[in-house]
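These notes concern the structure reproduced below.
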Amino acid sequence: MSEITPAYLPDRNRYALDDNGKLIGAAHYRDFQGAEGVERIFFHTVVDEEYGGQGLASVMVKFALDNTISGGAQIVAVCPYVKAYIAKHPEFQEHLAATTDEHLKALPSA
């Protein structure tokens, strides 16, 4: 039986889901230096299709947001999944920074 755990991969600018050494999901981010300190811009979240429907994205995003807050950064939710998660979990609202054009310009091009 596999044990899927969330992981923080700062060298790759992402949080991930690890299934016994296989990365099966990711929450991608970029750090941005805002006026009040670091703002972590979450811009893309994905879980491998074969693992879908198990609530794993929620586990990963909660881990990512908790880690971001504990590290002293604010959250910038560009990713639709992260936005929806925060809307359902108001305890994260106080750590949310409004998305600006500067945040969007800091993201990688598609």
Neighbours by Cβ (under 6 Å, 6+ apart or cross-chain): first from the range 77-90, within 23 Å of residue 102 (Cα to Cα); second part of a loop (DSSP other than H, G, I, E, B)
78/99
Give the range 44-70 a look and list any residue that's hydroxyl-bearing (Ser, Thr, Tyr) and farther than 18 Å from residue 96 by Cα, or say none.
51
Which residues, counting only those in the range 58-110, are open to solvent by 30 Å² or more (accessible area, probe 1.4 Å), closer than 22 Å to residue 48 by Cβ and among the β-branched types (Val, Ile, Thr)?
59, 78
Report whether or not residue 108 is more than 18 Å from residue 4 (Cα to Cα), over 11 Å from the mean Cα position of the chain (by Cα) and in contact (Cβ under 8 Å) with a residue 60 or more places away in the chain.
yes
For the range 6-22, which residues satisfy the criterion of being touching a residue at least 12 places away in the same chain (Cβ under 8 Å) and either closer than 18 Å to residue 92 by Cβ or open to solvent by 50 Å² or more (accessible area, probe 1.4 Å) (or both)?
6, 8, 13, 14, 15, 20
Residues of the range 36-78 satisfying the condition of being in contact with a strand residue (DSSP E or B) (Cβ under 7 Å, 6 or more places away or on another chain), more than 19 Å from residue 24 (Cα to Cα) and hydrophobic (A, V, I, L, M, F, W, C)
38, 41, 73, 75, 76, 77, 78
I need every pair where a residue in the range 24-51 that is surrounded by 17 or more Cβ atoms within 10 Å (Cβ to Cβ) has its Cβ under 7 Å from the Cβ of a residue that is acidic (Asp, Glu), sequence separation at least 6 or different chains.
24/48; 25/48; 32/39; 40/31
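The values are calculated or read from the model by the stated rules, or taken from the named source; none is laboratory data. Everything quoted here is computed from the prediction, not taken from an experiment. Using ideal geometry, Cβ is built from the backbone for each residue, glycine included, and neighbour counts are taken over all protein chains shown. We work out accessible area using only protein heavy atoms, side chains counted, and drop any ligands, DNA or RNA first. Shrake-Rupley method; radii C 1.70, N 1.55, O 1.52, S 1.80 Å.
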